[in-house]
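See below for the structure under consideration.
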Amino acid sequence: MKKKKLGRTDIEVSEICLGTMTWGRQNTEAEGHAQMDYALDRGINFFDTAELYAVPPIPESYGKTEEIIGSWFRKSGKRDQVVLASKVAGGGTRWIRGGRGVDRQSIREAVEGSLRRLQTDRIDLYQIHWPRRGHYHFENSWTYDPYRQNREEVLPNILEVLETFSELAKEGKILNIGLSNESAWGTMQYLRLSHERGLPRVQTIQNEYNFLRRYYDMDLAELAFHEDVGLLAYSPLAAGAISGKYLGGALPPGTRGALAGSAYRNNALTEPAIRAYIALARKHGLDVCQMALAFCLTKPFMTSVIIGATTMEQLKSNIDAVDLRLGQDVLEDIQQIFMRYPRTL
């Protein structure tokens, strides 16, 4: 398992990060523990979670994933072998602190709650799950409107967030900071203010990246190169849609799509692209999910690819993708499909 620097820090994280958001709904505590044991044995030293998890999010599962990680830390005694990332909810979820979003009070409440559930004294990478001003990720691509933002409120809020992170870092409760579901403009404001005010520097951005969503190839890739703010790619399999399990409107029992009542990223617009990638994998004798993960790993801006699995079989197969090297013929075929389906909802 290769290791990469976390931004401009001296911390090295595995190129595969263990995603945990199914634990507490689709997976039991025992299954979560087994996944962590296996991942660590395979060289994965990077775990990602959030106060919001498990997903699909409901009040009853809030914080459950962090509790499962915390009980594993207590049971295994392996906290120091893990680079731990978590997140504060960015707002809009009414049952999390009234949905008021990130500010000094909400961040402090979130950190204290996470530390308690995780049974640890620090979080190695603490991230804003999404900005309070809104974002174009998830299903917001066509409704997100930056012109509705309050220009008088945005920058003061970013500064307040950075100042709060600075306070928490001095207290030893968080070590490094990152963003999630963030834009190039927003990231640059964080970087500018941290430089001007001597505040903690953003090290990573956790955004969606997969065959269906390749926004990071554009301006964020340039930002990553010049500013050393690498990508932590979530949903590299488009929430499982790349596997084809949701094609034709199928919602297999026990899947995230079945729990949510709809298949995230599988729809009339994405199905032609998904079918094309599946056909391409068959043409080259590859597993389509491993091909998708291996493709993500080819990107120079990639710090780590976050994988999630509900079964050990899935987890093992996903991790095995690190040994897959895609030939130039495969990469060219992937590019041809992307040129036909460059943007899908």
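The values are calculated or read from the model by the stated rules, or taken from the named source; none is laboratory data. Treat the numbers as computed from the prediction; the structure is a model and nothing was measured. We place every Cβ from the backbone using ideal geometry, glycine too, and count neighbours over all the protein chains shown.
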Yes/no for T255 being over 21 Å from M1 (Cα atoms) and in contact with a Phe, Trp or Tyr (Cβ under 9 Å, 6 or more places away or on another chain): yes
Test: G70 is among the small types (G, A, S), touching a Gly at 6+ places or on another chain (Cβ under 7 Å) and surrounded by 14 or more Cβ atoms within 10 Å (Cβ to Cβ): no
Test set (1) closer than 30 Å to A276 by Cα; (2) under 16 Å from the mean Cα position of the chain (by Cα); (3) modelled with pLDDT of 95 or more; (4) of a type in the set (A, V, I, L, M, F, W, C) - V229 fails condition number: (1)
Residues that are in a loop (DSSP other than H, G, I, E, B) and closer than 14 Å to F211 by Cβ, drawn from region 289-337: T298, K299, L326
Candidate set from region 65-106 (those that are under 17 Å from F46 (Cβ atoms) and basic (K, R)); member that is farthest from the chain's Cα centre (by Cα): K78
Residue satisfying condition, being in contact with a strand residue (DSSP E or B) (Cβ under 6 Å, 6 or more places away or on another chain), touching a residue at least 12 places away in the same chain (Cβ under 8 Å) and surrounded by fewer than 20 Cβ atoms within 10 Å (Cβ to Cβ), within set K4, K78: K4
Residue within region 137-152 that is hydrophobic (A, V, I, L, M, F, W, C), under 16 Å from L52 (Cβ atoms) and in contact with a Ser or Thr (Cβ under 8 Å, 6 or more places away or on another chain) present: no
Subset of region 244-282 [in contact with a Leu (Cβ under 8 Å, 6 or more places away or on another chain), small (G, A, S), surrounded by fewer than 19 Cβ atoms within 10 Å (Cβ to Cβ) and not in a loop (DSSP other than H, G, I, E, B)]: A258
